[in-house]
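*Asks:* First the structure, which I've put down as structure tokens, then a few questions once you've had a look.
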Amino acid sequence: ALKEKEGDPGPKGGRGAPGRKGSRGPKGSSAPVPRAPRSAFSAGLTRPFPPPHVPIRFDRLWFNESADYDPNTGKFRCGVPGAYVFSYHVTVRGRPARLSLVASGRRVAKARDTLYGQDIDQASFLTILRLRAGDQVWLEVAKDWNGLYAGAEDDSVFTGFLLYPDAAGPARGGHSPSQLIISIFKLHNKTPSQLLQSLHAALVNNYEMWFNESADYDPNTGKFRCGVPGAYVFSYHVTVRGRPARLSLVASGRRVAKARDTLYGQDIDQASFLTILRLRAGDQVWLEVAKDWNGLYAGAEDDSVFTGFLLYPDNSFPAPAILAWSKLLLESV
């Protein structure tokens with residue numbers, strides 16, 4: 001039979017009705033969520049009156065995330081570069097104590113507590129250091145000033161933790177929702193006779209900046225100004241010598257926390273305070289001393305430190321607006 005010749009294509013037909021919805025496909029695999037770096041420890045003293053000029057072995061471990069603290073040597077070794085909080089809260093008994101916080105061989109903070117007889121006292125200190133990988137931090141006591149005590153009713157504790165890692169922070173001038181804001185200063189090399197001013201003027205122009213992330217603390221006025229609304233931690237750990245001290249933490253003109261330390265003669269004591277405040281943008285916070293109660297002291301062996309940092313921002317605040325540039329005025333540890 002002869003093959004028929006194909007004709008010309010016909011016109012394009014109309015669009016057909018949609019087909020039925022297909023069944024759901026298999027669930028995909030979960031994307032890995034990176035784990036934020038962690039480093040934290042808290043360790044207690046078990047043997048009172050440790051030997052001088054060597055790392056104190058706080059060998060009763062309470063917490064040791066990432067095992068960066070070694071109870072056999074008394075040293076913390078930085079595994080994650082970043083900003084770290086270090087503090088001690090110790091019992092002093094029977095003899096005076098002179099403690100130094102040492103970072104990679106350099107004494108970065110010093111404090112003393114004069115105590116004799118069978119009296120019992122407490123001493124504490126808190127500050128923030130920027131560490132590089134491999135940096136080591138520990139506590140030391142001085143010869144004849146090793147009155148650290150621990151017993152059935154008395155603990156002495158050394159604590160440290162990573163506040164935020166450098167790796168998570170942006171370059172200078174950038175922004176990051178995870179960046180925290182820290183301001184630290186210390187009263188620097190002033191004797192009591194040079195601190196006769198009252199109110200917060202006693203803390204102005206007598207400072208040495210250790211760290212001032214976001215530059216929210218103004219050394220020219222002595223005031224911290226809130227740029228990011230949220231919950232803030234504020235603390236002071238100061239040396240008192242020769243006269244009593246009455247300190248007030250002031251927030252936007254209102255004294256929100258007050259404390260006293262009565263001391264006369266040449267005795268040396270330590271006073272500390274820590275609290276949390278909720279601040280709005282523009283709120284200001286500072287420390288004041290009262291007239292005739294201005295015994296804050298600083299010298300070659302004694303530091304007085306005021307510290308504050310953002311714990312967390314308010315949910316309503318746009319995170320990208322958090323400033324994250326550093327004003328580190330001292331050489332990093």
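*Asks:* At R0 = 45 Å, how high is the FRET efficiency between Val233 and Ser29 if r is their beta carbon distance? Nearest 0.05 is fine. It would help to have the intermediate numbers written out before the result.
*Replies:* Values: r = 40 Å, r/R0 = 0.89.
E(calc), rounded to 0.05, equals 0.65.
*Asks:* In vacuum, with every alpha carbon of region 9-66 counted as one equal point scatterer, what does the Debye formula give for log10 I(q)/I(0) at q = 0.20 Å⁻¹? Two decimals, please.
*Replies:* Log-scaled intensity ratios, in q order: -0.95.
*Asks:* Does region 66-146 classify as rounded, prolate or oblate by the C-alpha gyration tensor (a ≥ b ≥ c root eigenvalues; a/c under 1.5 gives rounded; else a/b over b/c gives prolate, otherwise oblate)? Mind dumping the intermediate values first?
*Replies:* Working: a/c = 2.43, a/b = 2.27, b/c = 1.07.
Here region 66-146 falls in the prolate category.
*Asks:* In whole Hz, what ³J(HN,Hα) sequence does region 136-146 give by Karplus (6.51, -1.76, 1.60; θ = phi - 60°), x for Gly and Pro?
*Replies:* 10, 10, 7, 10, 9, 10, 9, 4, 6, 10, 10
*Asks:* Next question, about the same structure. Whose amide H sits under 5 Å from the amide H of Ala109, counting only residues 5 or more places off or on another chain, with H placed in the peptide plane?
*Replies:* Leu101
*Asks:* Hey, if we sort Trp293, Trp138 by accessible area with the 1.4 Å probe, largest down, what's the order?
*Replies:* Numbers: Trp293 55, Trp138 25 Å².
From most accessible down to least: Trp293, Trp138.
*Asks:* Related question: Once you list every other residue whose beta carbon is under 11 Å from the beta carbon of Gly230, what net charge do they have if Lys and Arg are +1 and Asp and Glu are -1? Kindly include the intermediate steps, with their values, before the conclusion.
*Replies:* Numbers: positive: Arg278, Arg280; negative: Asp283, Asp314.
Spelling it out: positives minus negatives among the neighbours equals 0.
*Asks:* Compute the normalised compactness of region 1-133: alpha-carbon radius of gyration over 2.2 N^0.38 Å, N being the residue count.
*Replies:* Numbers: Rg = 35.5 Å, N = 133, 2.2 N^0.38 = 14.1 Å.
Against the compact-globule rule of thumb, the ratio is 2.51.
*Asks:* Okay, next question. Would you please give the residues with an amide H less than 5 Å from that of Ile268, counting only those at least 5 places away or on a separate chain, with H modeled from the backbone geometry?
*Replies:* Long-range HN contacts for Ile268: Thr114.
*Asks:* Starting from 0 in steps of 10 Å, tell me what percent of the Cα-Cα pairs of region 208-256 lands in each bin.
*Replies:* 17, 50, 29, 5
*Asks:* Right, another one. Skipping prolines and chain starts, which residues have an amide H placed within reach, meaning under 5 Å, of the one on Phe49, given they are 5 or more residues away or on another chain?
*Replies:* Placed amide hydrogens put Leu148, Tyr149, Ala150 under 5 Å from Phe49.
*Asks:* Report the calculated FRET efficiency for Ala67 and Tyr116 (r = Cβ-Cβ distance, R0 = 41 Å), to the nearest 0.05. Intermediate values should be presented prior to the final figure.
*Replies:* Values: r = 39 Å, r/R0 = 0.95.
After rounding, the FRET efficiency stands at 0.60.
*Asks:* Ignoring ligands and nucleic acids, what accessible area does His237 show with a 1.4 Å probe (Å², nearest 10)?
*Replies:* 10 Å²
*Asks:* What net charge is computed for the residues neighbouring Ala251, neighbours being all others with C-beta under 12 Å from the C-beta of Ala251, Lys and Arg scored +1, Asp and Glu -1? Kindly include the intermediate steps, with their values, before the conclusion.
*Replies:* Details: positive: Lys223, Arg225, Arg254, Arg255, Arg278, Arg280; negative: Asp283, Glu288.
With Lys, Arg at +1 and Asp, Glu at -1, the neighbours total +4.
*Asks:* Sticking with this one: Given N residues in region 237-323, what is its alpha carbon radius of gyration divided by 2.2 N^0.38 Å?
*Replies:* Working: Rg = 16.0 Å, N = 87, 2.2 N^0.38 = 12.0 Å.
After normalising by residue count via 2.2 N^0.38 Å, the value is 1.34.
*Asks:* Right, here's the next one. Can you pull the one-decimal nm distance between simple spin-label points at Asp267 and Arg106, each 7 Å off the Cα toward Cβ?
*Replies:* 3.6 nm
*Asks:* May I ask you to evaluate 6.51 cos²θ - 1.76 cosθ + 1.60, the Karplus curve with θ = phi - 60°, for each residue of region 58-68 and list the ³J(HN,Hα) values in order in whole Hz, giving x for glycine and proline?
*Replies:* 7, 9, 9, 6, 9, 7, 7, 5, 6, 6, 7
*Asks:* Only Lys, Arg, Asp and Glu count, each charged at its Cβ (+1, +1, -1, -1), so figure out the dipole size of region 1-149 about its Cα centre, rounded to 20 debye. Walk me through the numbers before you get to the answer.
*Replies:* On the way: 25 positive and 13 negative charges, 131 e Å.
The calculated dipole for region 1-149 is roughly 640 debye.
*Asks:* Just the accessible area for Cys78, please: 1.4 Å probe, Å², rounded to the nearest 10?
*Replies:* 10 Å²
The values are calculated or read from the model by the stated rules, or taken from the named source; none is laboratory data. Just so you know, these numbers come straight off a predicted model, no measurement behind them. Ideal geometry is used to build each Cβ from the backbone, glycine not excepted, and the neighbour counts take in all protein chains shown. Ligands, DNA and RNA are excluded from the accessible area calculation, which covers all protein heavy atoms including side chains. Shrake-Rupley method; radii C 1.70, N 1.55, O 1.52, S 1.80 Å.
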